[in-house]
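Have a look at the structure below before the remarks.
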């Protein structure tokens, strides 16, 4: 949020008021919104249904609520050459689950939004690829997630070995060849009826 607030304001753009609020609790008076957007937010909250209900209550009639969430899937595909990638994927999702996150939300998102009276206007899924000719984002992800992995008892520093992770991943990727499907994201936009 600090980075967003630091961006110089375009005098021709609509004003943006940034506020940090806990979406899992009753919300302060924020006014009514034309659009509400979130990315990887709902899956980390304890009660997605209650949060969606509060957000729909903040939306004007005809407003759009749009979310991109993820869901644990059977990727990277079970392939003997991808054991390290698979282990990192499992550790990542096991950590989200241990923190109370909904690891299936992405694939159920449109159903949950419909249950709150939203008319779905767009829904699609896309995969997150690790390209063979690009550096992997996984070493950075694992460095950031390491304290969470350890705190939840999912893995240890010694198991992750972040200092050699990039080289080990590159070696495994070269042996596999081609793009690796890492994750799946689901985007759903719904309109408030009325």
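Please treat every number below as a calculation from the coordinates, not as lab data. Keep in mind that this is a model prediction, so the values were computed, not measured. Cβ atoms come from the backbone with ideal geometry, glycine included; neighbour counts cover every protein chain shown.
Taking the Cα atoms only, what angle lies between the long axis of helix 48-58 and the longest principal axis of the chain, rounded to 10 degrees? Compared with the principal axis, the helix lies near 40 degrees. For a paramagnetic label modelled on residue 152 (point 7 Å from Cα along Cα→Cβ), amide N atoms under 20 Å away belong, within the stretch 91-122, to 91-109. With a cut-off of 18 Å on the backbone N, the residues of the stretch 51-70 near the modelled label site 7 Å out from residue 126 along Cα-Cβ are 66-70. Summary of packing: across the peptides 152-165, 32-45, 4-17, 82-95, the per-residue average of other C-beta atoms within 10 Å ranks them, highest first, as 82-95, 32-45, 152-165, 4-17.
Show that you can apply the helix-only estimate: for the chain, add -39,500 (n - 2.57) for every DSSP H stretch of four or more residues, divide by all residues, and state [θ] at 222 nm to the nearest 500.
Working: 7 runs with 76 residues, N = 194.
Calculated at 222 nm, the ellipticity per residue is -12000 deg cm²/dmol.
Helix 162-176 and the longest principal axis of the Cα set of the chain meet at an angle near 80°.
Starting from the Cα-Cα distance between residue 84 and residue 8, subtract it from 0.36 nm times their residue separation and give me the gain in nm to one decimal. Each step should come with its number before you reach the end.
Values: separation 76, 0.36 × 76 = 27.36 nm, distance 4.24 nm.
Value of the extension gain: 23.1 nm.
Relative contact order of the stretch 33-192, taken over Cα pairs closer than 8 Å and 6 or more residues apart, is 37 percent.
With respect to the chain, whose longest principal axis is taken over its alpha-carbon atoms, helix 83-98 is tilted by about 40°. For Kirkwood radius over Cα pairs in Å, the value calculated from this model appears in (1) 16.7; (2) 18.9; (3) 17.4 under label (2).
The stretch between residue 171 and residue 20, if pulled fully straight at 0.36 nm per residue, gains 50.2 nm over its current Cα-Cα span.
One Cα centroid belongs to the stretch 1-65, the other to the stretch 139-194; the line between them spans 27 Å.
Working from the Cα coordinates of the stretch 70-137, the gyration tensor eigenvalues give, after taking √(5λ), semi-axes of 28, 16, 10 Å in decreasing order. For the stretch 104-194, what class follows from the C-alpha gyration tensor (a ≥ b ≥ c being the square roots of its eigenvalues): rounded when a/c is under 1.5, otherwise prolate if a/b is larger than b/c, else oblate? It is oblate, given that a/c is not under 1.5 and a/b is not larger than b/c.
Between residue 137 and residue 41, take the C-beta separation as r, use R0 = 22 Å, and let me know the FRET efficiency to the nearest 0.05. Mind showing how you got there, number by number?
Numbers: r = 20 Å, r/R0 = 0.92.
Calculated value: 0.65.
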